[in-house]
Each structure stands twice: as C-alpha cells, then as structure tokens.
1. Out of curiosity, is residue 178 under 20 Å from the mean Cα position of the chain (by Cα) and either assigned to a helix (DSSP H, G or I) or under 19 Å from residue 60 (Cβ atoms) (or both)?
2. Would you pick out the residues in the stretch 53-98 that are crowded, with 22+ Cβ neighbours inside 10 Å and charged (D, E, K, R)?
3. Which of the residues that make up the stretch 62-92 are closer than 19 Å to residue 188 by Cα and at pLDDT 85 or above?
4. Taking the residues in the stretch 123-173 that are assigned to a loop (DSSP other than H, G, I, E, B) and of a type in the set (Val, Ile, Thr) as candidates, determine which candidate is most open to solvent (accessible area, probe 1.4 Å).
5. Could you tell me how many of the residues in the stretch 10-44 are farther than 19 Å from residue 67 by Cα and hydroxyl-bearing (Ser, Thr, Tyr)?
6. Which number in (1) touching an Asp or Glu at 6+ places or on another chain (Cβ under 8 Å); (2) at pLDDT 85 or above marks the one condition that residue 59 misses?
7. Do we have residue 117 as out of contact with any Leu (no Cβ under 8 Å at 6 or more places or on another chain), over 24 Å from residue 179 (Cα atoms), assigned to a loop (DSSP other than H, G, I, E, B) and among the basic types (Lys, Arg) here?
8. Looking for whichever is polar (S, T, N, Q), open to solvent by 60 Å² or more (accessible area, probe 1.4 Å), in contact (Cβ under 8 Å) with a residue 24 or more places away in the chain and more than 29 Å from residue 132 (Cβ to Cβ) here; the options are 14, 22. Which one fits?
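The values are calculated or read from the model by the stated rules, or taken from the named source; none is laboratory data. Everything numeric in this text was worked out from a predicted model, so none of it was measured. Positions of Cβ are backbone-derived with ideal geometry, glycine not excepted, and every protein chain shown enters the neighbour counts. To get the accessible areas, we keep the full protein, side chains included, count just its heavy atoms, and leave off ligands, DNA and RNA. Shrake-Rupley method; radii C 1.70, N 1.55, O 1.52, S 1.80 Å.
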Amino acid sequence: PADITVGTPDIMRQLTALQTEQTGFVLGMFFALFLCHGLLYAVFRRYRANLYFALLCISWCLRVGVTGTMRLPAWFPRLSWYVFFRLEYALIAVAAVCIVQVIREIFPSALPRWLSRTILAFTALYFAASLFVPTRPLSSLWIPIAVLYIALILAACFYVFRYFYRKLKVRAVLPEQWAMIASLLFMFFTSIQDVLYYVGYSPLGVLNDLGF
C-alpha cells in the first residue's frame, strides 16, 4: 500500500552501513583467530587441533563474506556470482570436517568411530555436490541435506556430552574443559540455527545477522 514507508534514504543508508560494519567485525575476528591458531600450529606441529581450528576459522571467515551483506562479492566484483554460490555451500562441508577433526584431536574417545566416519562420508558427498551439481537442483536438495546434518549434529552432541558426563562422575573435568564444553555447545547450537535459517525457519535470526 502507498501509505507504508519502509524507511527514509538516510535510515536505509545507516542500516546498510551498520550491517556492513558488523560483517567486517565478524570477518576480522575469524581472520584473527585463523592467524593466531595458524601460528600456534607452526610452533607446535604435534598439536594438530590448532591446524583444524585455524582452517575452521578461515572457512567460516570466507563464508561470512559470501552471505549477509556479501562483502567478498563487493571486494571482488569481477568474480562470477557462480563462484560465491558454490563457496557458500562448499564451506559448510569444510567447516563440518574441521569440527569433527578438532573434537577427535582434543577428545579422541568422545565420538564413536562409526559416527565420525558417517559425518565425514556424508560431508564428502555434500562437498562434491556443492561443486558439481547444477545450482537449481542443489538448492532443491538443501532441505533433505539440512535434515541429515541436524541429525548428525544432534548425534555428535549426545556422544560429546556423554563423554563429559562420564568424566564428571570421576571429577576429571578441568576448568579449561568446561570452557571447551561451553564452546562446543554454542558451536552445535549455531550450526543447527544456521541450517534452520536456510530452510526458512530462524528462531534467533540475530545470530545469522552476526554471521553465526
């Protein structure tokens, strides 16, 4: 209707600038974490969790750049939208592999072998699809893929927290491990939130606005 006003030009410009600054902040934070853990891995080569976490941070840094305010397309306008579309989907698979590897490195017995292999096999198939399946069928396949990913995330949650519960019973949980539990919980929650966002349901959309 003609009597509805979306916003004055000044308000819209301010909103766009704020969203762009938010995205830039999140990009910078992920990139800083990538540099920090990449340096730690360069110094302590045996501790591969730093490598996987660094790769997780840079993959999510790139993914934040191709969603929301689309900073990477703005910075690299000569690249086709097709490249950024593929990146948006493929980086989910890269991040999933990195998360599994981080958990396996820090808590080797937390995830059962069958679950780790199932996640990695499914992720490999999804990664291949994100690179080679035409864009329209890939978009149509996202809902069943999302359902499977949520099921795998919930299964991983169950086994990780069962592992910590057993540790807690013998008072073997250190303060830094409590911090890791909280981080994993937030990571799993935001992963499910991100998947739900792509199927049209976003109970906490503000997290997506911040790049989570």
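1. no
2. Correct list: 63 only.
3. 63, 90, 91
4. Step one: list which residues in the stretch 123-173 are assigned to a loop (DSSP other than H, G, I, E, B), which gives 133-134, 170-173.
Retained after the next criterion (residues that are of a type in the set (Val, Ile, Thr)): 133, 170, 173.
Numbers: 133: 38, 170: 106, 173: 23 Å².
This residue is 170.
5. 1
6. Only one criterion in (1) touching an Asp or Glu at 6+ places or on another chain (Cβ under 8 Å); (2) at pLDDT 85 or above is unmet by residue 59, namely (1).
7. On the way: out of contact with any Leu (no Cβ under 8 Å at 6 or more places or on another chain): yes; over 24 Å from residue 179 (Cα atoms): yes; assigned to a loop (DSSP other than H, G, I, E, B): no; among the basic types (Lys, Arg): yes.
Answer is no for this residue.
8. 22
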